[in-house]
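Here's the structure we're looking at; comments come further down.
The values are calculated or read from the model by the stated rules, or taken from the named source; none is laboratory data. Please read all numbers here as calculations on a predicted model, not as lab measurements. A quick note on method: Cβ atoms are made from the backbone with ideal geometry, for glycine too, and the neighbour counts reach across all protein chains shown.
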Amino acid sequence: MRKKNLFWSCLLLMTGTAMAQEAESQNQWRHNVYIELGPKFTSHYSPDLSHFRPTGGWGSYIYVDNELKTWQASARYELVSPNQHWGFRTGLQYSLCKKQLGYDALTPDEIHLTNHEPKFYLFEVNNGEQLEYLRIRGIEQTSHYLGVPLELRYYFTYSDLPAFRWYFAAEADLDFLVGNTNTVNFLNKEMAPHAGQVISHDGNPDPFIASTYCGVGFQVGKTNHIGVGFNYLLHLADFGGTTGLLQAKPNFAGSKLQIELVIPIKIKKP
């Protein structure tokens, strides 16, 4: 009888200890590392084209790439609250941004069929007196940024779907310009020395841009295993000035998509 009571006492003690450890683990902060990749789209207001003159006859126009396309890659750290609902994320983000002006949106076949000339004139003023026209096919600008994303998430979890979570997110990106290249594609190579004059009309991107977003996303995978996720964020506003080519100001429209790899990390208590 004593052995039986001892057995049940030990079993109850072991069960209670296991339950206490489980409760303790559920009340711990979780830590995750993320690898993320995705495009960002930001629509811009049309810039001032008063110093450009299109050629090619009736129906010709100047192509302006108003939708700024940016590829982003980031590594982030996340701290998740003990109730598994709140997550704060930050890290390091790289952005590659390309902008174009003047390159014809028509294909070579369409240009041949319509006799449309893929060039335009840039109007220049030299020494305040002499007027000069430079024939240019297009201008490209490639910008590189390093940034710090700051994001707050609220996760919705389900006991019957432990490997699936969806969330609301609010994010602010602080991006610093680390490199910029301007390329002018002239119709005639002998005009190449005038590239500086062309670029002087437009300038470089501002050294700092801050952007804000909000959106939703989901993750698939148990919280203590590697998982994957996807989110869609709407662009709310930019702060810090222009993004460079033709000093185009971003407007309200825009978004970014991100695919994320979630890697949980375990931090032992001291």
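Data overview
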read-out: Positions within region 235-260 being loosely packed, with under 15 Cβ neighbours inside 10 Å and modelled with pLDDT of 90 or more, in sequence order; value: Ile259
read-out: Residues being within 29 Å of Leu146 (Cα to Cα) and either under 19 Å from the mean Cα position of the chain (by Cα) or part of a strand (DSSP E or B) (or both) - total across region 184-227; value: 19
read-out: Whichever residue in region 165-185 is surrounded by 14 or more Cβ atoms within 10 Å (Cβ to Cβ) and in contact with a helix residue (DSSP H, G or I) (Cβ under 9 Å, 6 or more places away or on another chain) and, among such residues, is nearest to Trp86 (Cα to Cα); value: Asn182
read-out: So Glu124, is it at pLDDT 65 or above, of a type in the set (D, E, K, R) and outside any loop (DSSP other than H, G, I, E, B); value: no
read-out: Selection count where residues are surrounded by fewer than 18 Cβ atoms within 10 Å (Cβ to Cβ) and assigned to a strand (DSSP E or B), scope region 77-99; value: 9
